[in-house]
Amino acid sequence: MKRHAPATERNREPLLAVLREVLPASGTLLEVASGTGQHAAFFARAFPGLTWQPTDAEPEALESIDAWCAGEGLANVLPARVLDASADTWPVAHADAMLCVNMIHIAPWTACQGLMRGAARVLRPGGRLVLYGPYFVEGQQTAPSNIAFDESLRARDPSWGVRELGAVAAEGARNGLQRERVVEMPSNNLTVVFTR
């Protein structure tokens, strides 16, 4: 039942260090695109005061998410739910924070647009949306690995690809989300924090 993504094991500690600085101590965290569930299980243990709501667009992912969290014996994780970021309605009405790891480049641009619209709907004022993944940044030299990754993504699906950080930030701003900080991460990734 448990799916496994090796990248999750590599990026979880650096990402946790940033999350400790930006997430609230209590409340509800909505994780969009929880994937295997490895991040949900790891981060929920680190934030016992947060109620963690994992989600994924693929119904078949929910079993893996729930299996990872059940295996950790976590009382603060809700059952995983189906959530399509591009949809106009979500199964979660309110959240104090949101986390989305490695989604917007492995999805059509409409998923990023929907994520920003959804964050504007469900985040409480002052709530933060935390994104993690590879980005192109205008005016900065792009890592060859990100160029190769972008090409491989677009070969799999032309609607996918590494996103331009400025375009993502502009989409956030259109929905009342201000880019608060950008943190450089290992393997040429970024953590981007938005505040409603």
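Picking from Val101, Val92, which residue would you name as being under 17 Å from the mean Cα position of the chain (by Cα), surrounded by fewer than 19 Cβ atoms within 10 Å (Cβ to Cβ) and in contact (Cβ under 8 Å) with a residue 40 or more places away in the chain? Matching residue, one of Val101, Val92: Val92. In the condition set (1) within 22 Å of Gly118 (Cα to Cα); (2) modelled with pLDDT of 95 or more, Pro59 is compliant with all but (2). If we keep just the residues of the range 35-46 that are assigned to a loop (DSSP other than H, G, I, E, B) and open to solvent by 10 Å² or more (accessible area, probe 1.4 Å), which is nearest to Gly73 (Cα to Cα)? So, considering only residues that are assigned to a loop (DSSP other than H, G, I, E, B) and open to solvent by 10 Å² or more (accessible area, probe 1.4 Å), the one nearest to Gly73 (Cα to Cα) is Thr36. For Val193, the test of being touching a residue at least 40 places away in the same chain (Cβ under 8 Å) and part of a helix (DSSP H, G or I) is failed. Of all residues in the range 9-34, those that are in contact with a Phe, Trp or Tyr (Cβ under 7 Å, 6 or more places away or on another chain) and either without any contact (Cβ under 8 Å) to a residue 60 or more places away in the chain or in a loop (DSSP other than H, G, I, E, B) (or both) total 3. Being charged (D, E, K, R) and farther than 21 Å from Gly161 by Cα is a property that Arg117 lacks. Here is the figure for the range 129-144: residues that are under 21 Å from the mean Cα position of the chain (by Cα) and farther than 26 Å from Arg20 by Cβ total 1.
Restricting Val130, Val137 to those that are open to solvent by less than 20 Å² (accessible area, probe 1.4 Å), touching a residue at least 24 places away in the same chain (Cβ under 8 Å) and hydrophobic (A, V, I, L, M, F, W, C) reduces the list to Val130. The residue list Leu78, Leu74 contains one member that is more than 24 Å from Val192 (Cα to Cα), without any contact (Cβ under 8 Å) to a residue 40 or more places away in the chain, in contact with a Ser or Thr (Cβ under 7 Å, 6 or more places away or on another chain) and not charged (D, E, K, R), which is Leu78. Answer yes or no: is there a residue in the range 96-111 that is in a strand (DSSP E or B), in contact with a Gly (Cβ under 6 Å, 6 or more places away or on another chain) and not polar (S, T, N, Q). Yes.
Listed here are the residues, each with its yes/no results for (1) touching a strand residue (DSSP E or B) at 6+ places or on another chain (Cβ under 7 Å); (2) at pLDDT 95 or above; (3) within 24 Å of Val92 (Cβ to Cβ).
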site	(1), (2), (3)
Gly126	yes, yes, yes
Tyr135	yes, yes, no
Trp160	no, yes, no
Gly172	yes, yes, yes
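For the range 153-186, filtering for residues that are part of a helix (DSSP H, G or I), in contact (Cβ under 8 Å) with a residue 60 or more places away in the chain and surrounded by 13 or more Cβ atoms within 10 Å (Cβ to Cβ) leaves 1.
The values are calculated or read from the model by the stated rules, or taken from the named source; none is laboratory data. Computed from a predicted model, the values in this text were never measured in an experiment. Ideal geometry is used to build each Cβ from the backbone, glycine not excepted, and the neighbour counts take in all protein chains shown. All accessible areas refer to the heavy atoms of the entire protein, side chains included, with ligands and DNA or RNA removed. Shrake-Rupley method; radii C 1.70, N 1.55, O 1.52, S 1.80 Å.
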